[in-house]
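The values are calculated or read from the model by the stated rules, or taken from the named source; none is laboratory data. It should be emphasised that the depicted structure is a prediction, and the values quoted were computed from it without experimental measurement. Neighbour counts run over all protein chains shown; Cβ positions are idealised from the backbone, glycine included. Just the protein is used for accessible areas: all its heavy atoms, side chains included, with ligands, DNA and RNA removed. Shrake-Rupley method; radii C 1.70, N 1.55, O 1.52, S 1.80 Å.
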Amino acid sequence: MSGRFAMLGMMAVATAVAPMLAHAEGLETTHLFGFTLGSDVNDAGEKEAEIEATGRFAKRDGSYSAVDKTLSVKFVPFQNFSIEPGLGVAYHDISGAPGLEDRRQLAFDTVSLEMRYRVLNRAQAPFGLTVGVDPHWGRVDDISGAPVDRYGADLWIIADRELVPQRLFAAVNLLYQPEAVRSRDVGAWQHQSNFGTAAALTVQVGPGILIGAEARYLHSYDGLGLDTFMGRALFVGPTFYAKFSERFWMAAAWNMQVAGHAVNGGGALDLANFERYQAKLRFGYNF
């Protein structure tokens, strides 16, 4: 499925749900931008349940699908700070992909604890600024699906701005992901890290309906400190957000790798460290 057809599908959904969203107000930017994050943090005392599915599809040859599903609950114990524990499962369906064993499995995978602190409130400053960290432990290798112990963290710097009040929103992210992985089959350790930048724009085309686009430039390294360059990939694609009520919302994104390079792989794309397509679907409920 191309980015063009994904955008057409999102527009069709927007048209279908528009009558349901006539009274949606008070947008929060956290998940407006797809994979790219916004700086908003829920109000103090608020709680939010989230279901998130992230799909990664297609290597250079063979058949490859990997889907991570996470259930989390966000708490805001005091203003500008949120904490969000989560549990996740991983599904892999791999056949004939170079360097990977054929595998079809669903397994319990991750325990995570995302924490975010808003440094600047976009309603009171020229732009919003939030820092975040998401330490996690996992039982499944995210690419191969092999049994491992993964210890890592996602570290974020998130900035956004309302370019046109209640109409046009923009966000920029910086991401650093160090991770140590121990194979449970042979006991060997591997250290790796990713560094990425992302930028996104989204426009409110109707009450509670936003359609946009994002670009993400990701680099993969061997070693925890970005030691040895392994590959890079540029992803672009459409995003969609719908707020069904004051409590219930959904967000979706489809990204396609349009440029890249792997040190240990040929071709114009990096399909060793990344995939051809990535997708994200989120549902949230505030209570």
For Lys243, counting only aspartates and glutamates whose alpha-carbon sits under 13 Å away and dropping same-chain residues fewer than eight positions off, the answer is Glu25, Glu28
The summed charge of the Lys59 Cβ neighbourhood (under 11 Å; Lys/Arg +1, Asp/Glu -1) stands at 0
To the nearest 10 degrees, the tilt of helix 3-17 (Cα long axis) against the first principal axis of the alpha carbons of the chain is 40 degrees
With every protein chain in place, the accessible area of Ser65 for a 1.4 Å probe, in Å² rounded to the nearest 10, comes to 30 Å²
Partner lysines whose C-alpha sits under 21 Å from that of Lys59, ignoring same-chain residues fewer than 8 away, are Lys69, Lys280
Total charge of the residues flanking Gln177 in space, meaning their Cβ is under 10 Å from its Cβ, with Lys and Arg +1 and Asp and Glu -1, is -3
Restricting to Cα pairs under 8 Å and 6 or more apart, the percent relative contact order of the chain works out to 19 percent
Of the residues Val205, Ile143, Ala233, the Cα lying farthest along the dipole of the chain towards its positive end, which is defined by charges on the beta carbon of Lys, Arg, Asp and Glu, belongs to Val205
With -39,500 (n - 2.57) per DSSP H segment of 4 or more residues and division by the full residue count of the chain, the 222 nm estimate, nearest 500 deg cm²/dmol, is -1500 deg cm²/dmol
Note to self: with every protein chain in place and a 1.4 Å probe, the chain gives an accessible area per residue in Å² of 46 Å²
Semi-axes of region 171-281 from the Cα gyration tensor (sqrt of 5 times each eigenvalue, largest first, whole Å) come to 32, 17, 12
Over all pairs of different Cα atoms in region 46-193, the reciprocal of the mean inverse distance gives a Kirkwood radius in Å of 17.4 Å
Excluding ligands, DNA and RNA, the carbon-plus-sulfur percentage of the accessible area of the chain with a 1.4 Å probe reads 63 percent
Reported to the nearest 10 Å², Glu28 has, with a 1.4 Å probe, an accessible area equal to 60 Å²
Within the set Pro178, Pro98, Pro238, GNM on the chain using Cα springs under 10 Å gives the largest fluctuation to Pro98
Taking N as the number of residues in the chain, the ratio of its alpha carbon radius of gyration to 2.2 N^0.38 Å works out to 0.99
Around Tyr277 (Cβ within 12 Å, Cβ-to-Cβ, excluding Tyr277; K/R +1, D/E -1) the net charge comes to +3
